[in-house]
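Note sheet for the following structure.
The values are calculated or read from the model by the stated rules, or taken from the named source; none is laboratory data. These figures come from a predicted structure and were not determined experimentally. Positions of Cβ are backbone-derived with ideal geometry, glycine not excepted, and every protein chain shown enters the neighbour counts.
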Amino acid sequence: MSRLPKVLANTSRILQTSSRTANAASSNSKFSFGTTITLSVILPPRLKSIRVFKSKLFARFVRKNSIRNSDLCKAVDELVAGSIDADLGSGVFKQRIARQGGGKSGGFRTIILFRYKDVAFFVHGFAKKDTANIDSENLQQVRKLARFLLQLDEAALNIALAEGKLIEVNCGKETIQQQNCGSSA
């Protein structure tokens with residue numbers, strides 16, 4: 001029996017709703033006509049400007065399966081770069097993460113709620129050997145959760161962090177505490 005409904009119910013209860021005015025993503029293009037055409041393109045930002053979070057239950061999955069924070073950051077970086085394993089709609093993405101010492105095909109699947117240039121939430125993970133995919137009913141629940149979490153503003157996210165409801169993943173560099181989370185020293 002899938003634990004996904006419990007994960008979604010717990011995650012959706014952890015935060016209060018807050019409204020946010022969405023900033024429209026824009027691209028700057030500059031054309032200069034004459035004998036040559038000059039095109040300036042602003043490339044998509046990398047992880048430095050994106051906040052990455054994991055739910056408490058997903059953090060337990062990460063610890064149990066010895067997944068490094070750098071693996072989570074790499075999965076989000078791939079999303080930003082356009083290397084998407086599965087776009088499930090409404091800001092919900094499925095990305096593969098390789099097992100340590102193995103490849104992605106037999107590794108883990110993660111469900112990421114993603115708002116471009118802004119924030120990513122890891123809310124569910126599973127091994128391919130245990131579950132092939134999420135069913136349509138659970139997908140609808142994940143989409144509802146995405147609508148809730150992706151509209152939160154900075155203040156609401158900081159409150160959730162302070163209360164321990166969400167855990168921020170440091171994608172710039174891993175701290176000693178984060179490195180030791182998965183080890184049994």
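With respect to residue 169, is the statement that it is farther than 12 Å from residue 92 by Cβ, in contact with a Lys or Arg (Cβ under 9 Å, 6 or more places away or on another chain) and at pLDDT 95 or above true?
yes
Check residue 117 against each of (1) outside any loop (DSSP other than H, G, I, E, B); (2) within 12 Å of the chain's Cα centre (by Cα); (3) modelled with pLDDT under 95 and name the one condition it does not meet.
Condition not satisfied by residue 117: (1).
For the range 63-88, name all the residues that are in contact (Cβ under 8 Å) with a residue 60 or more places away in the chain, farther than 22 Å from residue 139 by Cβ and of a type in the set (A, V, I, L, M, F, W, C).
Once the filter is applied, which keeps residues that are in contact (Cβ under 8 Å) with a residue 60 or more places away in the chain, farther than 22 Å from residue 139 by Cβ and of a type in the set (A, V, I, L, M, F, W, C), the range 63-88 yields 67, 73.
Name the residues in the range 156-166 that are in a helix (DSSP H, G or I) and surrounded by 12 or more Cβ atoms within 10 Å (Cβ to Cβ), would you?
Answer for the range 156-166, where residues must be in a helix (DSSP H, G or I) and surrounded by 12 or more Cβ atoms within 10 Å (Cβ to Cβ): 156, 157, 158, 159, 160, 161.
Can you go through 68, 13 and tell me which one is at pLDDT 90 or above and charged (D, E, K, R)?
The conditions single out 68.
Could you please let me know if residue 115 is surrounded by 16 or more Cβ atoms within 10 Å (Cβ to Cβ) and in contact (Cβ under 8 Å) with a residue 24 or more places away in the chain?
Against the criterion (surrounded by 16 or more Cβ atoms within 10 Å (Cβ to Cβ) and in contact (Cβ under 8 Å) with a residue 24 or more places away in the chain), residue 115 qualifies.
Determine which single condition residue 137 fails, assuming it passes every other condition in (1) under 21 Å from residue 167 (Cα atoms); (2) not in a loop (DSSP other than H, G, I, E, B); (3) not hydroxyl-bearing (Ser, Thr, Tyr).
(1)
Six or more apart or on different chains, Cβ atoms under 7 Å: show the pairs whose first residue is in the range 125-146 and among the β-branched types (Val, Ile, Thr) and whose second is part of a helix (DSSP H, G or I) and modelled with pLDDT under 90.
134/4; 142/8
So for the range 122-141 (the condition being more than 19 Å from residue 50 (Cα to Cα), acidic (Asp, Glu) and at pLDDT 90 or above), does at least one residue qualify?
yes
Consider residue 28 against the criteria (1) modelled with pLDDT of 90 or more; (2) touching a Ser or Thr at 6+ places or on another chain (Cβ under 7 Å); (3) not in a helix (DSSP H, G or I): it satisfies all of them except one. Which criterion is unmet?
Just one mismatch for residue 28, condition (1).
Could you grab me the full set of residues in the range 140-155 that are among the charged types (D, E, K, R) and assigned to a helix (DSSP H, G or I)? Outline the logic, then answer.
In the first step, residues of the range 140-155 are kept if they are among the charged types (D, E, K, R); the result is 143-144, 147, 153-154.
Matches in the range 140-155: 143, 144, 147, 154.
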